[in-house]
Every structure is written in structure tokens, then in C-alpha cells.
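Some notes on the structure that comes next.
The values are calculated or read from the model by the stated rules, or taken from the named source; none is laboratory data. Quantities reported herein were computed from a predicted structural model and do not represent experimental measurements. Here the Cβ positions follow ideal geometry from the backbone for every residue, glycine too, while neighbour counts run over all protein chains shown.
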């Protein structure tokens with residue numbers, strides 16, 4: 001019985017330790033005070049660290065960020081708008097949250113992984 005409990009505890013711990021890997025291409029619908037648009041992110045996750053690229057209305061930029069459980073945050077700099085910061089919650093193949101687009105204002109986003 002004790003061995004069964006140990007095995008069960010290991011299995012549950014292993015399942016909890018495996019988080020969603022955000023590596024891949026994501027398409028985000030963004031709604032800001034200044035208007036709306038779409039952004040494309042190509043992300044690579046290594047442990048809790050995120051890196052990748054942004055492409056959208058502000059051109060292209062390198063992205064960096066982090067993942068903690070189902071919370072994710074990434075950012076990049078734009079010469080036209082300043083620092084851009086995305087903060088969201090991961091729900092399977094989707095991420096929803098808030099965004100601060102530097103001088104362009106604040107808003108929300110909804111992203112979905114492209115297959």
C-alpha cells in the first residue's frame with residue numbers, strides 16, 4: 001500500500017511539473033485605446049524563459065519574457081512606441097490578457113497558437 005502511495009505521488013507531481021510549452025507561432029488580436037490590430041509572435045520556451053520575435057504594425061522586434069505556471073509575460077522595444085509589455089493567462093492553446101503599448105496606450109489581447 002505504501003509503495004502504491006509513493007508511485008501515485010510521483011505521478012501526480014510529474015504531471016503538475018509539466019507545463020504547457022509555448023514554443024511555436026502565435027497570432028494575437030490586440031485592442032488598444034488607439035485602435036485594434038493583429039500581431040504575430042514566434043516564441044521559443046526554454047524552462048521558464050521565453051524568447052522570439054514580434055511582427056506587426058510596429059515592424060519587427062526581438063521578444064523576451066517568462067512563464068510562471070499559467071502566467072506569461074513578454075516584452076519588446078519599439079522605436080516608435082517605446083516598451084511594449086504583454087501579460088496573460090495560458091489556457092491550453094490560447095492566451096488572454098492585457099497589453100501596454102508604450103506611447104500608444106493600454107488594452108487587451110487574445111492569442112491563439114497556429115498549427
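Contact map, segment 25-41: first residue farther than 17 Å from residue 63 by Cα, second residue at pLDDT below 95 and assigned to a strand (DSSP E or B), Cβ cut-off under 6 Å, separation 6 or more or different chains; pairs are 32/101.
Considering every residue within segment 93-101, establish whether at least one is over 14 Å from the mean Cα position of the chain (by Cα), surrounded by 15 or more Cβ atoms within 10 Å (Cβ to Cβ), assigned to a strand (DSSP E or B) and at pLDDT below 95. For segment 93-101, residues over 14 Å from the mean Cα position of the chain (by Cα), surrounded by 15 or more Cβ atoms within 10 Å (Cβ to Cβ), assigned to a strand (DSSP E or B) and at pLDDT below 95: present. Out of everything in segment 57-69 that is at pLDDT 95 or above and closer than 16 Å to residue 100 by Cα, what residue ends up being nearest to the chain's Cα centre (by Cα)? Selected residue: 65.
Conditions tested, residue by residue: (1) out of contact with any helix residue (DSSP H, G or I) (no Cβ under 8 Å at 6 or more places or on another chain); (2) over 19 Å from residue 42 (Cα atoms); (3) touching a residue at least 24 places away in the same chain (Cβ under 8 Å).
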| residue | (1), (2), (3) |
| --- | --- |
| 81 | no, yes, no |
| 89 | yes, no, no |
| 93 | yes, no, no |
| 96 | yes, no, no |
| 99 | yes, no, yes |
| 105 | yes, yes, yes |
| 115 | yes, no, no |
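Just to check your reading of the model, which residue among 114, 87, 40 is exposed (fewer than 15 other Cβ atoms within 10 Å of the Cβ) and modelled with pLDDT of 90 or more? None of the other options fit; the residue is 114. Taken together, the criteria exclude residue 72 from residues that are in a strand (DSSP E or B), farther than 25 Å from residue 103 by Cβ, within 10 Å of the chain's Cα centre (by Cα) and in contact (Cβ under 8 Å) with a residue 12 or more places away in the chain. For residue 20, the conditions (1) at pLDDT 95 or above; (2) closer than 14 Å to residue 111 by Cβ are fulfilled apart from (1).
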